[in-house]
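Here's the structure we're looking at; comments come further down.
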Amino acid sequence: MIEGILIGLQTALSFKNLMMVMIGCFSGTIIGMLPGLGPMTAIALMIPITYGFDPSTGLILMAGVYYGAVFGGSTSSILINAPGVPGTVATSFDGYPMAQQGKAGKALAIAAYSSFAGGTISAIFLLIAAPSLSLVSLSFRSPDYFGLMILGLTAVAAFSSKGNFLKAMMMVVLGLMLASVGQDTLSDIPRFTFDNMNLSDGISFVLVVMATFAMSEALTIIFKANDPTKAAKQISLSQLGSIKLDKDETKKMVTTIPRSSVLGFIIGVLPGAGATIASFLAYGMERNFVNDEEKQKFGKGSVNGIAAPETANNAACSGSFVPLLTLGIPGSGTTAVMLGALLGFGIQPGPRLYQTNPEIFWSVIMSMYIGMVVLLILNLPLIPYIARVLATPRTFLIPLILFFSLTGVYLMSFNNFDIYMMIGIAVVATVLRLYDFPMPPLILAFVLGGLMEENLRRSLLISDGSWSFMWDRPLTIVIMLTIIFIVGWQIYKSFFKKKL
Amino acid sequence: MKISPSKLISLLFFVFSGYYLYTAYQIQVFAFDENAPFNAKTFPIYLGFAGLVFSALYIILPEANPTNVDLKVLDYKKTIGLVILMILYGLTILRAGYFLSTSIFLVASYIILGERKWIWIFILSFPFVAIFMYLLHGLLNIYLRDPFLKYIGIMG
């Protein structure tokens, strides 16, 4: 393991990769700060650029963007009460009231230190957990992988559906349907191509991500006549107050950070849960842990109230890399985008990645930590300046997002068929978003579609067409029972909620 | 009878799944693969059925959290304007080249969205695209075919 860490450090600390971490953190912070544009959009916009790099550098850039976007989301939560990402909603409960008391700098510093500490602790957990889980997952077979993928999809659907599980499941099926377009991997038989050569290779992953996130988010902002930068114009972004913390505040953070880190990491590892749930749970848990006097301060600018969700959401980000790197199965929309990018580089994440491409495995883990340091020492002092991006008028912002999306897809294929298809998917996604049909399950399903079919194919061929593979092994039974429980519970909830 | 928009979307998805399933059955597989436990159309057939089941369930079951959208506040004009502009961009990019079509697309989008600061409109279109193209060529070695720039002798 030590050797791996050294390889990772060597790769991550090369001048080029250090630059990528910095650029990633910086651009991620800017994009993540804009309300409505989260880490998925930020990473999606970066994918076409990363294809010019080697896999390690590309992944390091994306990891930097991911952390930067989460940090940027906290900034807009605190400054204008408009969380850039759902994972930072809980931060706004106490961050915004503190900012209103003229202590925005302090709130941002608490968020940054907590993120750093949460990220550091969870990076250590990741260092320990990832190789061990890689070894365990070597014993997994095709039916287990097939089951795990369905589990991941149903869990993401359950958590991202806001009570509309069936809508999320429809999006899962739609994602899998989109993934089935193109030649069959084994027999090369064309499927759903309608004799169109442009569809024979299938629909590009970048196209789907750009259409459903970047482009559709931009169209949604215009369609709903939202102005995400409106609130920023009402505050002074240059006078944020001191970023220094006193002894009492530091003491409070010292007790909050370890427990929120553990909670955040565990939640992050679970498929579907992710940073949003981790931050809300940590906020709730912290409120129960503190004394009555401190409890009264919650919602009015409590230090613990900012530190807990910020620590947890960053810890969850690291945690979400565990299933991606060790099993090759992303547990969230964001890691699904990263998986798509990895597959684009020709790398199949999974238990063997640890052995076949140790430099990628370890450099990504190491760069996460370096990203935390960059966020703390570079982004925090620069926040008053970076925050000015919040005041960018949407009249410029939206066309520029559309520009990056269109260019990104054009650079992949150099034809206009992909542009039309992206516009079509984006328009449909905009309408679906309007009626709360979630997009993360669609992306996750699109990325997992090929792998899922492959594992189902192997399972069915091994069992000679019998579905008994689903209950042949204890591990598969446990996975299947969990899926049945999630699906059953969610449908039951949908049916009975109205009657109650 | 009034049907909610979400149920209407589910109904459309039901029809779409039906069509997908029909198309899945039409996939031509090799003769020796026809009765195999798994062939090129097996997975799509399952997906078609899954789509039918989930959308049917949504249509039949009562809605737990109906989504209410006030259609009157939606900005159709600007959204449709941008979509048309993107389609036009797709139509012109191969003929006029990346530089000209992208710059004009940006200018038109700023104007459609109501921007009237002409200096910024200019800076964030033609020079911005030129710098971006230079970065693509210089840093990432990505060649962008551009008949217009070739015609005026800037690009080879």
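What follows draws every value from the coordinates through simple rules; no lab data is involved. Everything numeric here is computed off the predicted structure, so don't read it as measured data. Here the Cβ is made from the backbone with ideal geometry for all residues, glycine too, and neighbour counts use every protein chain on show.
Key figures
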{"item": "Difference of contour (0.36 nm per residue) and Cα-Cα distance, residue A:297 to residue A:18", "result": "96.4 nm"}
{"item": "Inter-site label distance for residue A:481 and residue B:128 at 7 Å from Cα along Cβ, in nm", "result": "5.7"}
{"item": "Kyte-Doolittle mean at least -0.5, axial Cα span of 30 Å or more - DSSP H helices of chain A", "result": "A:55-80, A:104-137, A:247-269, A:440-462, A:474-496"}
{"item": "Net length gained if the chain between residue A:6 and residue A:185 were fully extended (0.36 nm per residue, minus Cα distance)", "result": "60.7 nm"}
{"item": "Degrees separating the helix B:126-138 axis from the principal Cα axis of chain B, which is the longest one", "result": "80"}
{"item": "Label-point separation in nm, residue A:400 to residue B:142, each point 7 Å along Cα→Cβ", "result": "1.8"}
{"item": "Chain A, relative contact order [Cα under 8 Å, separation at least 6], %", "result": "28"}
{"item": "Sorted by Cβ neighbour density within 10 Å, fewest at the top, the residues B:102, A:29", "result": "B:102, A:29"}
{"item": "Shielding of A:176-185 by partner chains, average beta-carbon count, 10 Å", "result": "4"}
{"item": "Greater than 19 Å apart at Cα, pairs in A:251/A:297; A:106/A:297; A:103/A:247; A:224/B:72; A:252/A:297; B:2/B:77", "result": "B:2/B:77"}
{"item": "Against the rule of thumb 2.2 N^0.38 Å, how large the Cα Rg of the protein assembly as shown comes out", "result": "0.95"}
{"item": "Residue-averaged [θ]222 nm for chain B, counting only DSSP H segments that reach four residues, each worth -39500 (n - 2.57)", "result": "-21000 deg cm²/dmol"}
{"item": "Neighbour-count ranking [beta-carbon atoms within 10 angstrom, fewest first] of A:210, A:98", "result": "A:98, A:210"}
{"item": "Percent of Cα-Cα distances greater than 17 Å, calculated over region B:75-151", "result": "51"}
{"item": "Efficiency of FRET between residue A:420 and residue B:111 - r from beta-carbon atoms, R0 22 angstrom, step 0.05", "result": "0.45"}
{"item": "Estimated FRET transfer efficiency when R0 is 56 angstrom, pair residue B:80-residue A:124 (beta carbons, to 0.05)", "result": "0.60"}
{"item": "Mean Cα-pair separation over length for region B:5-69, i.e. relative contact order, pairs under 8 Å, 6 or more apart, %", "result": "50"}
